[in-house]
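Visitor: Sending over a structure as structure tokens; questions will come in a sec.
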Amino acid sequence: MQSIEDKILTSLKKSGRGVAFTPARFAHYGSAAAVQKAIERLTENGHIIRVTRGVYCYPKIETELGLGVIYPTFDEIATCLANRDRTLIAPAGAYAINKLGLSTQVPMNAVYVTNGEGRKVEIRNGRSIVFKHAAPKTFAFESSFAQLVSIALKEIGKDNLTQEQLMTLKRLLNQQPRISEMDMKLMPTWVKKQITELYE
């Protein structure tokens with residue numbers, strides 16, 4: 001009979017390297033304490049790595065360029081935590097602007113809005129993920145694209161959009177299904193007006 005440790009490792013190998021996970025993923029293998037202990041042993045043996053408190057990874061190893069361990073992205077870690085906590089999240093702040101392609105600056109830390117509790121999760125090398133509680137309206141969007149556009153434009157501000165950003169946004173809007181009227185109603189008036197003008 002396979003141990004919990006072996007079952008976890010077998011499952012991870014089937015999923016492939018690079019997947020971020022929490023112990024809750026393997027709750028069906030035994031008690032929370034037993035699963036946690038098995039994960040701790042796998043970490044000590046070097047089979048998996050601890051990404052942050054409560055999040056682990058069966059890591060990708062890049063050998064051609066000598067980069068070594070490829071850590072999960074902000075989105076992968078944040079999604080992993082959101083799934084565990086059964087909360088909704090969306091990129092926010094400078095991270096949302098970068099995700100939408102309206103800025104080439106990659107922030108050191110990633111900010112997400114959530115319908116859960118606000119908190120800060122330390123990752124590595126001084127980097128972190130920040131979750132900020134937001135009103136339910138933020139998560140009422142039908143389209144994640146519309147949600148991201150609304151969050152990013154509110155962060156930039158009505159009078160701070162550059163011509164380059166407007167052209168990039170116009171191109172993005174034409175590449176995606178047209179934002180529904182229902183989603184438009186969830187946006188600030190000036191954001192809705194700006195998007196409507198770009199569609200014309």
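Visitor: Residue 19: touching a Cys at 6+ places or on another chain (Cβ under 9 Å), β-branched (Val, Ile, Thr), touching a residue at least 12 places away in the same chain (Cβ under 8 Å) and on the phi < 0 side of the Ramachandran plot, yes or no?
Guide: On the way: touching a Cys at 6+ places or on another chain (Cβ under 9 Å): yes; β-branched (Val, Ile, Thr): yes; touching a residue at least 12 places away in the same chain (Cβ under 8 Å): yes; on the phi < 0 side of the Ramachandran plot: yes.
In short, yes.
One line per residue, one yes/no per condition, for (1) more than 28 Å from residue 25 (Cα to Cα); (2) touching a residue at least 12 places away in the same chain (Cβ under 8 Å); (3) not assigned by TED's automatic domain parsing to the domain that holds residue 58:
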| site | (1), (2), (3) |
| --- | --- |
| 85 | no, yes, yes |
| 91 | no, yes, yes |
| 122 | no, yes, yes |
| 127 | no, yes, yes |
| 130 | no, yes, yes |
| 155 | yes, yes, yes |
| 181 | yes, no, yes |
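Visitor: How about the range 136-200: which helices (runs of 4 or more DSSP H) wholly inside it have at least 3 residues that are under 21 Å from the mean Cα position of the chain (by Cα) and crowded, with 19+ Cβ neighbours inside 10 Å?
Guide: On the way: elements: 144-156, 163-175, 181-184, 189-199.
Because the criterion is at least 3 residues that are under 21 Å from the mean Cα position of the chain (by Cα) and crowded, with 19+ Cβ neighbours inside 10 Å, the helices (runs of 4 or more DSSP H) in the range 136-200 that meet it are 144-156.
Visitor: Let me ask something else about it. I'd like the full set of residues that are without any contact (Cβ under 8 Å) to a residue 24 or more places away in the chain and under 18 Å from residue 15 (Cα atoms), limited to the range 46-74. I'd like the intermediate steps shown before the answer.
Guide: Start the filter on the range 46-74 by keeping residues that are without any contact (Cβ under 8 Å) to a residue 24 or more places away in the chain, which leaves 46, 49-50, 62-69, 73.
Residues satisfying the conditions are 46, 49, 50, 62, 69, 73.
Visitor: So, one more: Got a sec? Which of 92, 38 is farther than 30 Å from residue 154 by Cα, out of contact with any Pro (no Cβ under 6 Å at 6 or more places or on another chain) and at pLDDT 95 or above? Steps first, please.
Guide: On the way: 92 fails: farther than 30 Å from residue 154 by Cα.
Going through 92, 38 in turn, the sole match is 38.
The values are calculated or read from the model by the stated rules, or taken from the named source; none is laboratory data. On a predicted model such as this, the values are computed, not experimentally measured, just so you know. Every residue, glycine as well, gets a Cβ built from its backbone with ideal geometry; the counts of neighbours run over all protein chains shown.
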